[in-house]
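Please read the structure below before turning to the comments.
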Amino acid sequence: ARFAPNEESRKAVRSAWGVADDDIVVGTIARLFKNKGYEEIMAAMPLALERAPKLRFLWVGDGANRGRYERDLQRANLRDRVIMVGLVPPAEVARLLTGFDILVHASRWEGLSRAVVQALLTEVPAISFDNDGAPEVVLPERTGLLAPLGNVQALSDAIVRLAGQATLRRKLGRNGRRHCLVEFDVNRMVDQIDSLYRDLLLRQ
């Protein structure tokens, strides 16, 4: 229930980040660790910024690779394009998501990312690699865009496309919220698990 769009919260968090109203905030919520896809995100950034200079990247999370990533960004002259929020309490994630325009989830392997579901509930469209659990919620042209796993050019293209189409972002975000409210409703999920167990017992 905490995850929902809120215009007042959006203005407050974006002001705190120092981003302009017309900046496009591309957020990632993940540990700063090698399997979370930050290498691919950093590789996609210059390709995207050439075509969409109003992009700002925002990372929520911390981890063992933070120092290395900061050095890599500095060497690539990209450090001023990335806001590193660091680790925040779980309850704070809902508020921060209201300031996103796009969520990028680039993990190389993961079950079903909570961050993607939480973003969609906040009407933030998602871009993800097409692997593991992501396609359950990132439905191409319905709730977000998928890129082939590890394809930096496709990831960059998806970011640029959504950055340049506010109407499409709004449509995907609203569809995403509707989809997640149905699919992740607690009563529906309990009923599905109960039905699965009953079916398995009947097969014994």
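The values are calculated or read from the model by the stated rules, or taken from the named source; none is laboratory data. This one's a predicted model, so the numbers in the text were calculated from it and none came from an experiment. Here the Cβ is made from the backbone with ideal geometry for all residues, glycine too, and neighbour counts use every protein chain on show. Quick note on the areas: whole protein, heavy atoms, side chains included, nothing else; ligands and nucleic acids left out. Shrake-Rupley method; radii C 1.70, N 1.55, O 1.52, S 1.80 Å.
Observations on the model:
- So Arg71, is it assigned to a helix (DSSP H, G or I) and either of a type in the set (Lys, Arg) or under 21 Å from Arg161 (Cβ atoms) (or both): yes
- Residue satisfying condition, being surrounded by fewer than 23 Cβ atoms within 10 Å (Cβ to Cβ) and part of a strand (DSSP E or B), within set Ile83, Ile127: Ile83
- Residue count, segment 145-191 (criterion: polar (S, T, N, Q), within 27 Å of Pro5 (Cβ to Cβ) and either surrounded by fewer than 18 Cβ atoms within 10 Å (Cβ to Cβ) or free of Cβ contacts under 8 Å to residues at least 24 places away in the same chain (or both)): 3
- Candidate set: segment 126-164, residues that are under 17 Å from Leu112 (Cβ atoms) and aliphatic (A, V, I, L, M); chosen: the one modelled with the lowest pLDDT: Ala134
- Checking the stated criteria, Arg2 turns out not to satisfy the condition of being touching a residue at least 24 places away in the same chain (Cβ under 8 Å), open to solvent by 20 Å² or more (accessible area, probe 1.4 Å) and either farther than 30 Å from Leu181 by Cβ or not basic (Lys, Arg) (or both).
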